[in-house]
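J.: I am attaching a structure below and will ask some questions about it afterwards.
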Amino acid sequence: MTKTELSSKALYFRLLRYILPYWRVFALSVLSTIAVAATEPALPALLKPMLDGSFVSRDQTLIKLVPLLLVGLFLLRGTFTFISNYTINWVSTRLVMDLRNLMFHKLITLPTPYYDNVSSGSVIANVAFNVNQVTSAGTNVITVLVRDSFTILGLLGWMLYLNWTLTLIALVMTPLIALIVKLFSSRLREMGRSLQNSMGDITHVLDETLGGHKVIKTFGGQDYERRRFHEAANRNRLFSMKYTIAASANVPLVQLLAAIALALIVYIATLQSSASQTTVGGFISFITAMLMLLAPVKRLTGISESLQKGLAAAEIVFDLLDRESEPDSGTLEIARARGELEFQHVSLRYEKDGAWALRDLSLRIAPGETVALVGQSGSGKTSLVNLIPRFYHPTSGKILLDGHDIETIRLASLRDNIAFVSQDVVLFNDTLAANIAYGRQARASEAEIMAAAEAAHALEFIREMPQGLQTLVGENGVKLSGGQRQRIAIARAILKNAPILILDEATSALDTQSERHVQAALENLMQNRTTIVIAHRLSTIEKAGRIVVMQKGRIEEIGSHRELLEKNGIYANLHRLQFAAETPQETH
């Protein structure tokens, strides 16, 4: 059975498990709700003696007692209503917080392929907005169900006591009401699911627009983005209207049936009154109780709307929570690796029937050696390095670290031995110090952070900043230049001091002056480490111990810069093309 095919009952009981840790507060809420419901029949019950005793018999004791009882009744109701509302909202907010925390924990443990196939906007919508709908099913529905069920039972009990004949007429409509509710429930569930998915589309467009606002402005993409956002917003509106149609048609139909029952009762009660079979107080008390039944019956019939919206949100939440986290079957702990890497007949394709990203690739890298990977885009360079920290897993073949299959090494232990610097530097909206001493290096002293910054040639611009290391860098380092961001990323890698270093196009997008700084920082970083460099600019890797030339997922050439030029093969051709592109043309 798939997640979307889970029954409402299964989803609901699973949701209730997340409320169990707060069962004491929840129980207090339910008991307070029952107490509020228990006071409902007291009002029509007071009407009978008030009318018959005060206005008809003019009983002086009742004339004084009934007003006091009314004040006491509403004081009691107010107290229990406050307790009920406070406690149920306390549980609701706890439920949302717990589910958000669980979703976030799952997100940071999901494998990389998950992020390749999902939009960030839909994930943000689910965690930030849609999870709120879960409370409709988790707690609010129970409040309504308990309070209104007990209210209806109390009022029906009083009505049966007053006049069982009229009460039976009211009950005839119950099966018809239940049938209407059942018919509308599945439609509401389907529309609720579509509505929440469409909210993900809106946040996806928003996320892309905010992230790419410079490209949009430069290339005049405003009209295109407006159309995209309008289409996403309109889909959300259409699903919202379909949901409203189903929800709005539900309640009037139920109320129509209740009105038919009320009309019959009023007619029969009038006949009974003329035959002296009921008193004025008894009749008014009965009609009041019946009219008071309409509100809880309306809420109970409308409960399906909240329930189905909540269950649709719960489906989305549990779909995420049920996804498999990154596989970590390794049991081997390694301290500091020597850095020997060996690829043995490694092949990779990202999808079962997709094209091969790597084909039967074998390569050995000695400890402390610098190896450069070159080749045209799509040749498999990035795919190869992504296998080392197990972001992806080989389709066939294996990778050894110091003679150990990396699949047998615990994931945290493996990644502790790897540092990564790419052209797409990721900085967090925090201080420079926090970005350098990120993650497990957070306990590093200020002196250690300063030393790493100095080795990365970053100290000179850090000292010029108003708060030094405590300066906030903005979202993804927006307050820093490209070269400054790269040097912060290099300082982070220096502080980690891992024996294996992966450099993915670390200088490709920099100007000459920034590149000079970054290149000097990289030379400091690469000392005494096994280093794998991906570079398009061949001038940056001429000093590499070995250069591996890749094409269509295979290794075509291996050698030093000089050896490959002498071979006059793929590398020599790439070098000539790049050298020609970088040499200024003479003007005549």
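J.: Protein chains only, probe 1.4 Å: how do 407, 40 rank by accessible area, largest first?
T.: Values: 407 60, 40 35 Å².
Largest accessible area first, the residues go 407, 40.
J.: Same structure, new question: What percentage of all Cα-Cα pairs in the range 310-390 are separated by more than 20 Å?
T.: I get 55 percent for the Cα pairs in the range 310-390 exceeding 20 Å.
J.: For a distance above 18 Å, tell me the whole-number percent of Cα pairs in the range 281-437 that qualify.
T.: That fraction is 74 percent.
J.: Using the Cα centre of the chain as the reference point, and only Cβ charges (+1 on K/R, -1 on D/E), how large is the resulting charge dipole? Debye, rounded to the nearest 20. Can you show the working numbers first?
T.: Working: 58 positive and 52 negative charges, 368 e Å.
Charge dipole of the chain: 1760 debye, to the nearest 20.
J.: Of the listed peptides 478-485, 95-102, what is their order by residue-averaged count of other C-beta atoms within 10 Å, with the highest listed first? Provide the component values of the computation, followed by the final result.
T.: Details: 478-485: 18.6, 95-102: 16.5.
Ranking, from highest mean packing down: 478-485, 95-102.
J.: Given a 1.4 Å probe and every protein chain left where it sits, what share in percent of the accessible area of the chain is carbon and sulfur?
T.: Looking at the chain in its full context, I get 59 percent from C and S.
J.: Please give the direction-averaged projected area of the C-alpha convex hull for the range 98-173, in square nanometres with one decimal.
T.: Spelled out: convex hull of the Cα atoms, projected over all directions, averaged, 7.8 nm².
J.: List the extent of the Cα atoms of the range 61-116 along each of their three principal axes, largest first, rounded to whole Å.
T.: 79, 13, 7
J.: Dividing the convex hull volume of the alpha carbon atoms of the range 299-350 by its residue count, what do you get in Å³ per residue?
T.: 164
J.: Can you give the alpha-carbon Rg of the range 440-541 over 2.2 N^0.38 Å, where N counts its residues? Write out the running numbers ahead of the final one.
T.: Details: Rg = 13.5 Å, N = 102, 2.2 N^0.38 = 12.8 Å.
Output field value: 1.05.
J.: Which residue, chosen from 539, 265, 551, occupies the Cα position most advanced towards the positive end of the dipole of the chain, where the dipole is computed from +1 (Lys, Arg) and -1 (Asp, Glu) charges on Cβ about the Cα centre?
T.: Projecting each Cα onto the dipole axis, the largest value belongs to 265.
J.: Too long at a 20 Å Cα-Cα cut-off: which of 352/398; 381/479; 381/496? The partial results should precede the final answer.
T.: Values: 352/398 18 Å; 381/479 31 Å; 381/496 24 Å.
Violating the 20 Å Cα-Cα cut-off are 381/479; 381/496.
J.: Please list 3J(HN,Hα) in residue order for the range 330-345, calculated via the Karplus relation 6.51 cos²θ - 1.76 cosθ + 1.60 where θ = phi - 60°; whole Hz, with x for glycine and proline.
T.: Each residue's phi maps through the Karplus curve to give x, 10, 7, 9, 10, 7, 9, 5, 6, x, 7, 10, 9, 9, 10, 6 Hz.
J.: With N denoting the number of residues in the range 360-477, provide Rg(C-alpha) divided by 2.2 N^0.38 Å, to two decimal places.
T.: Against the empirical 2.2 N^0.38 Å value, I get 1.33 for the range 360-477.
J.: Hey, another quick one. Name the residue farthest towards the positive end of the dipole of the chain from the options 450, 575, 26, assuming +1 on Cβ of Lys and Arg, -1 on Cβ of Asp and Glu, about the Cα centre.
T.: About the Cα centre, the residue reaching furthest to the positive side is 26.
J.: What 222 nm value per residue comes from the helices of the chain, counting each DSSP H run with n ≥ 4 as -39,500 (n - 2.57) and dividing by all residues, nearest 500 deg cm²/dmol?
T.: -20000 deg cm²/dmol
J.: Which of the aspartates and glutamates could a cross-linker span from residue 9 if the Cα-Cα distance has to be under 13 Å and same-chain partners fewer than 8 positions apart are dropped?
T.: Once the sequence-local aspartates and glutamates are set aside, what remains near residue 9 is 315.
J.: Running Debye on the range 353-410 with equal point scatterers at the Cα sites and no solvent, what base-10 log of I(q)/I(0) appears at q = 0.12, 0.21, 0.25, 0.31 Å⁻¹?
T.: Here the Debye-derived log intensity ratios amount to -0.31, -0.97, -1.31, -1.58.
J.: Using the reciprocal of the averaged 1/r over all distinct C-alpha pairs, how large is the Kirkwood radius of the range 229-348 in Å? Mind dumping the intermediate values first?
T.: Values: mean 1/r = 0.0465 Å⁻¹.
Over the range 229-348, the inverse of the mean reciprocal pair distance is 21.5 Å.
J.: Suppose we keep just the alpha-carbon trace of the chain; what are its Rg and Dmax in angstrom?
T.: 35.5, 122
J.: Same structure again: If the reach is capped at under 18 angstrom between alpha carbons, list the aspartates and glutamates near residue 543, excluding any in the same chain fewer than eight residues apart.
T.: Once the sequence-local aspartates and glutamates are set aside, what remains near residue 543 is 369, 504, 505, 515, 523, 557, 563, 566.
J.: Also, quick follow-up: Using heavy-atom solvent-accessible surface (probe 1.4 Å) with all chains present, what is the largest-first order of 402, 322?
T.: Details: 402 35, 322 60 Å².
So the residues, ranked largest to smallest area, are 322, 402.
J.: Among DSSP beta bridges lying fully in the chain, give the percent that are antiparallel, nearest 5.
T.: Working: 18 of 37 bridges.
If I count the DSSP bridges inside the chain, around 50 percent turn out antiparallel.
J.: Sticking with this one: With every protein chain left in place, what is the accessible area of residue 561 in Å² (1.4 Å probe, nearest 10)?
T.: Solvent-accessible area, nearest 10 Å²: 30 Å².
J.: Can you list the aspartates and glutamates whose alpha carbon sits under 16 Å from that of residue 242, skipping same-chain ones fewer than 8 residues off?
T.: Residue 242 reaches 190, 305.
The values are calculated or read from the model by the stated rules, or taken from the named source; none is laboratory data. Note that the structure is predicted; figures quoted are calculated from it, not measured. Ideal geometry is used to build each Cβ from the backbone, glycine not excepted, and the neighbour counts take in all protein chains shown. Note: accessible area is taken over every heavy atom of the protein model, side chains too, but ligands, DNA and RNA are not part of it. Shrake-Rupley method; radii C 1.70, N 1.55, O 1.52, S 1.80 Å.
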